[in-house]
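Structure, as structure tokens:
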Amino acid sequence: MAPRTDFPPVRACLFDMDGLLLDTEDLYSLCCNLVLEKYQKPKLPWSIKAKLQGRPGPAANKLFHDWAQLPITEEEYSKEYYALQAQHFPGTQPLPGIEKLLNDLGRTRYWDAQNTKQQPDAQSESPKQRVHIALATSSHESNFRLKTAHLEELFSVFETQRRVLGDDKRIPPGRGKPLPDIYLLALQTINESLAAGEAPIKPEECLVFEDSVPGVEAGRRAGMRVIWCPHPMLKKEYAGREAEVLAARTGEAGQVDLHQLGEVDDGWAEYLATLVDFPYDRYGITVPPVSVDEEEYMKETARVDDNEVIQAVDNAAAPAPAA
């Protein structure tokens, strides 16, 4: 079919975390393989790992244990596995291009002030728009903190209320990726916190950034555009099937409502090998120059964002109320 080309400009970018923002996939494999080696089992192949990526912990654990057939219980495996993660995850680093991409998108808040200054009858073209961002990760809160505690500045661009984690109580059990709930909730968190007068953002105005195949499917089923930026070994695993991945038609999720899926080459999703030098123009995104960071408006909004982060940290550190 002919790809769609008349998309509206992107107004929201929704990000997965593991393997997309953070270089964690090889660390996950390392921890898993250390346990497998201990029990004389073969290393985790990418054919199995591909099915685990992006999914909530319970679903991924069942898939893994059905394959691994370890001589220990799931609880015993989890204890050993998470102990290894506690050793290796505190050193995680962002993947290439991520720091610049998040900084660039954060700088688009500059357009809020510029659009306010402009007179409607003086505008010769559509105003440049702020791009809102949110996090949508299957990692539970404790696992999220383990991987990000040393990267507070990087993750400060995600406002606290716009971080949707795998154990978010608003996501019903069993409704993780590849179901669309997490991305629909991420969009909801943005729309609920828009400034007065700003029109709600529609799913087709969202761009989902994913590395996993279940994550791509979740974004597509949410009615959003998707960037697929996988680990090179995952890309190799799906060589020749890239178009199916982008259309969410790999069949990895089993039987689903076909109306939620895309069509091959429909223009809603794109593969990128890296997020370095992201093509903003292709998505209707205009990034202000770095020099605008020195303007007073930007300093004021930065102070507001810092206060939100400080308040979130204070809330997390506060003792739980007495029962």
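The values are calculated or read from the model by the stated rules, or taken from the named source; none is laboratory data. Just so it is clear, the model here is predicted, and its values are computed rather than measured. FYI the Cβ positions are ideal-geometry reconstructions off the backbone, even for glycines, and counts take in every protein chain you see. These area figures cover heavy atoms from the full protein model, side chains too; ligands, DNA and RNA do not enter into them. Shrake-Rupley method; radii C 1.70, N 1.55, O 1.52, S 1.80 Å.
Miscellaneous remarks
- Residue list for the range 128-179, filter: open to solvent by 20 Å² or more (accessible area, probe 1.4 Å), of a type in the set (Lys, Arg), under 19 Å from Gly106 (Cα atoms) and in a helix (DSSP H, G or I): none
- Within the option set Pro214, Pro203, being within 15 Å of Leu261 (Cβ to Cβ) and surrounded by fewer than 23 Cβ atoms within 10 Å (Cβ to Cβ) holds for one residue only, Pro203.
- Arg241 open to solvent by 70 Å² or more (accessible area, probe 1.4 Å), in contact with a Ser or Thr (Cβ under 9 Å, 6 or more places away or on another chain), modelled with pLDDT of 90 or more and not acidic (Asp, Glu): yes
- Taken together, the criteria exclude Leu84 from residues that are among the aliphatic types (A, V, I, L, M), under 26 Å from Leu20 (Cβ atoms), out of contact with any Lys or Arg (no Cβ under 7 Å at 6 or more places or on another chain) and in contact (Cβ under 8 Å) with a residue 60 or more places away in the chain.
- Selected residue (criterion: modelled with the highest pLDDT) from residues of the range 21-50 that are of a type in the set (D, E, K, R) and either surrounded by 18 or more Cβ atoms within 10 Å (Cβ to Cβ) or closer than 25 Å to Asp181 by Cβ (or both): Glu25
- For the range 51-69, a tally of residues being hydrophobic (A, V, I, L, M, F, W, C) and open to solvent by 20 Å² or more (accessible area, probe 1.4 Å) returns 4.
- The helices (runs of 4 or more DSSP H) found entirely in the range 12-103 that carry 2 or more residues being among the acidic types (Asp, Glu) are 25-38, 74-88.
- Taking the criterion of being hydrophobic (A, V, I, L, M, F, W, C) and either free of Cβ contacts under 8 Å to residues at least 40 places away in the same chain or open to solvent by 60 Å² or more (accessible area, probe 1.4 Å) (or both), the residues of the range 1-20 that qualify are Met1, Ala2.
- If you go through the range 285-306 and keep only what is exposed (fewer than 11 other Cβ atoms within 10 Å of the Cβ) and either under 30 Å from Phe7 (Cβ atoms) or at pLDDT 95 or above (or both), you end up with Pro289, Val290, Ser291.
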